[in-house]
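Just below is one structure, and these are the notes that go with it.
Every read-out reported here was derived from the displayed coordinates using simple, explicitly stated rules and does not represent laboratory data. The model shown is predicted, which means the values in this text are computed figures rather than measured ones. When we count neighbours, we look across all protein chains shown, and the Cβ atoms used for this are built from the backbone with ideal geometry, even at glycine.
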Ligand SMILES: NC(=O)c1ccc[n+]([C@@H]2O[C@H](COP(=O)([O-])OP(=O)(O)OC[C@H]3O[C@@H](n4cnc5c(N)ncnc54)[C@H](OP(=O)(O)O)[C@@H]3O)[C@@H](O)[C@H]2O)c1
């Protein structure tokens, strides 16, 4: 009797907290950072001239559309040199033109890169490092949602390969450059992994590395959620390693909000269309969707914060599984072993 009453009280307080959070979101009420769900990327970086050092360099994946494009546009406007690894060079050239129309001084460098391919990511990193540029910011933003089971050229399920493995390798191959830049310039380096609130849908027993590489019963939403959970666990483990090395580089994960971009348009079907229609009040615009990334990338308020999860430009809580240090280390070790095996095969 007592236990039942206590559990009902917990349920009630959870419901109340959820209701409060939803109302806060809908009203766009600002959190401790001074920003809320309605803040745009332009707004959160408005005063950046007073705190952003000149000549920063940022690599932004997935900058040819949606949230990544808006992030690149706003960072370029704030004087950051932008490097775009893009699988579609024509789209990347258009994006470069649009950004330079608004910010004629903007320096934008494009590389042809397919994030789902280990060889392509490796080529991009070698090409970028050959330029001899510093690297202050890495935004692991590119992402796909695939309704059908597809495989990358490395024969790995495409969502996991693109959203997680490509970014893992990118981070690994660029990390020393970021640490070196930060120690030479005394400017803190920042890595941002784009995740999603959907990471919390993943149950512990459904998070199996082998299954994610080659799933038996494919479900697009599950694969997407697993890849977004992996993005947070990756940020947590790299943050731990960077702290242990006393490196001046931070890494955080962000949920950008639900934004009607190409990735959402991939969820076709009457049920999803109706759900999005009903939930349209909860959708963010693209400028609002890019705000948390830009805030974490540039704000002095996030200085020194690492291994955290942000939404609506404020630190937030991720699921218990996403906060599990052992799970993060296990995933990192499994990924490292896989990538090193495959890279060795590539060069052998
Ligand atoms: N939109 C949302 O509601 C939402 C919610 C939570 C999290 N997110 C996350 O936010 C991030 C950005 O998503 P978005 O909504 O802006 O999606 P989007 O508009 O579909 O943009 C995705 C970007 O990723 C690029 N990309 C995909 N596969 C690639 C590959 N193999 N190699 C190189 N680039 C590749 C795309 O390039 P192309 O232009 O060549 O297609 C595009 O630039 C994703 O990580 C997503 O998971 C989005």
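Report the paramagnetic label zone for residue 112: residues of region 62-97 whose backbone N is under 12 Å from a point 7 Å from Cα along the Cα-to-Cβ axis. Answer for this model: 86-90.
A simple spin-label model places the labels of residue 47 and residue 24 2.2 nm from each other, with each point 7 Å out along Cα-to-Cβ. Each label was represented as a point 7 Å from its Cα along the Cα-to-Cβ direction; for residue 208 and residue 119 these points are 3.1 nm apart.
Ranked by how many other Cβ atoms sit within 10 Å of their own Cβ, fewest first, the residues 151, 118 fall in the order 151, 118. Helical content alone sets the calculated 222 nm signal of the chain at -15000 deg cm²/dmol, taking -39,500 (n - 2.57) per DSSP H segment of four or more residues and averaging over every residue.
Going 7 Å from the Cα of residue 201 toward and past its Cβ, which residues in region 214-253 have a backbone nitrogen under 13 Å from where you end up? Label zone hits: 219-229.
Applying 1/(1 + (r/R0)^6) with R0 = 45 Å to the Cβ-Cβ distance of residue 105 and residue 282 gives a FRET efficiency near 0.75. With both labels modelled 7 Å from their Cα along Cα-to-Cβ, the residue 303 to residue 150 distance reads 4.4 nm.
Length gained on full extension, residue 320 to residue 221, computed as 0.36 nm times the residue gap minus the Cα-Cα distance: 33.7 nm.
If the segment from residue 241 to residue 337 were pulled out straight at 0.36 nm per residue, it would be longer than the present Cα-Cα gap by 32.9 nm. Each distinct pair of alpha carbons in the chain adds a 1/r term; the inverse of their mean, the Kirkwood radius, is 20.7 Å.
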